[in-house]
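Take a look at the structure below.
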Amino acid sequence: GNSVTQMEGPVTLSEEAFLTINCTYTATGYPSLFWYVQYPGEGLQLLLKATKADDKGSNKGFEATYRKETTSFHLEKGSVQVSDSAVYFCALKNQGGKLIFGQGTELSVKP
Amino acid sequence: DVKVTQSSRYLVKRTGEKVFLECVQDMDHENMFWYRQDPGLGLRLIYFSYDVKMKEKGDIPEGYSVSREKKERFSLILESASTNQTSMYLCASQTGEGAKNIQYFGAGTRLSVL
């Protein structure tokens with residue numbers, strides 16, 4: 001079956017530190033991969049996506065590359081800010097429309 | 001911009017009450033979804049709908065039902081609320097069923113059942 005595994009949080013970083021949140025997946029076929037972000041008290045927003053192998057999604061300084069050989073879609077940012085503090089969800093979607101989410105990783109950035 | 005609106009941000013209900021959570025989207029999307037979010041478990045799909053009057057069970061439908069009488073509105077119903085249904089509920093909508101299509105989420109309803 002389809003599943004997504006993320007690194008456990010919480011992750012605590014100082015401002016301007018480098019961020020990596022690991023995400024690996026198991027899927028049949030050729031899924032699309034997504035990162036969603038949830039800021040405190042809000043719903044989920046799409047952060048970035050990649051729809052085929054070797055695609056790189058990027059937005060707001062975050063990026064992730066669809067690696068089919070390692071079944072991974074790790075999220076990275078070179079220099080985090082306090083405003084990046086949020087919960088990050090990795091997700092996959094096959095044809096059929098259902099999103100499969102990881103358990104979420106909480107990021108806390110300290111000034 | 002796509003807008004998915006959930007009618008309440010916070011709700012407090014008593015055990016045994018019938019609870020309605022309402023969700024409206026303004027982008028004429030065919031597909032709508034209800035999830036619950038619990039710490040350490042991520043989002044789990046309760047029910048979804050591909051069209052008016054159509055519904056499909058998700059991964060955890062027990063204790064819930066849904067209604068989709070109009071394309072823009074998707075309601076989640078707790079027939080008899082229980083304390084284990086205390087959670088954050090998120091509604092989403094999406095156009096089409098393709099793997100590339102994006103789901104758009106509402107702000108969520110935090111439900112407490114006492």
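What follows draws every value from the coordinates through simple rules; no lab data is involved. Not measured: the values here are computed from a predicted model. Cβ sites come from the backbone with ideal geometry, for glycine too, and all protein chains shown count toward neighbours.
Once you have the Kirkwood Rh of segment B:50-114 from its Cα pairs, apply Stokes-Einstein at 4 °C and 1.567 mPa s and quote D in µm²/s. D, rounded to a whole number, is 96 µm²/s.
Between their Cα atoms, which of A:52/A:93; A:93/B:57; A:56/A:77; B:18/B:53; A:49/B:71; A:77/A:110 are more than 19 Å away from each other?
Numbers: A:52/A:93 12 Å; A:93/B:57 17 Å; A:56/A:77 13 Å; B:18/B:53 21 Å; A:49/B:71 27 Å; A:77/A:110 15 Å.
Violating the 19 Å Cα-Cα cut-off are B:18/B:53; A:49/B:71.
Assuming R0 = 45 Å, can you tell me the calculated FRET efficiency for the pair residue A:69 and residue B:88, based on Cβ-Cβ distance, to the nearest 0.05? Efficiency, from the Cβ-Cβ distance: 0.80. For residue A:5, put the label point 7 Å out on the Cα→Cβ axis and report which residues of segment B:25-43 keep their amide N under 19 Å from it. Output list for this probe position: B:40-43. Ranked from largest, the principal axis spans of the Cα set of chain A equal 43, 27, 21 Å.
So how do B:79-85, A:5-11, B:44-50, A:85-91 stack up, highest first, on mean other-Cβ count within 10 Å?
Values: B:79-85: 13.1, A:5-11: 15.9, B:44-50: 20.0, A:85-91: 23.6.
In decreasing order of mean packing, B:79-85, A:5-11, B:44-50, A:85-91 become A:85-91, B:44-50, A:5-11, B:79-85.
Phi angles of segment A:55-66 translate, via the Karplus equation with coefficients 6.51, -1.76, 1.60 and θ = phi - 60°, into HN-Hα couplings of 5, 10, x, 8, 5, 6, x, 8, 8, 8, 10, 6 Hz per residue; Gly and Pro are given as x. Computed from the Cβ-Cβ distance with R0 of 35 Å, the FRET efficiency linking residue B:26 to residue A:76 stands at 0.55.
For segment A:38-111, GluC sites (Glu not before Pro) are listed when DSSP marks them as loop and at most 15 other Cβ atoms sit within 10 Å of their Cβ; the list is A:42, A:69. Considering only beta bridges that DSSP places wholly inside chain B, some 90 percent are antiparallel. Reported value for the protein assembly as shown: 117 Å³ per residue, from the convex hull of its C-alpha atoms.
Two decimals is fine: what's Rg over Rh for chain B, C-alpha atoms, Kirkwood radius as Rh? Don't jump to the answer; show the numbers that get you there.
Working: Rg = 13.3 Å, Rh = 14.0 Å.
Computed over Cα atoms, the ratio is 0.95.
Once the C-beta distance of residue B:80 and residue A:12 is scaled by a Förster radius of 45 Å, the resulting FRET efficiency is 0.65 to the nearest 0.05.
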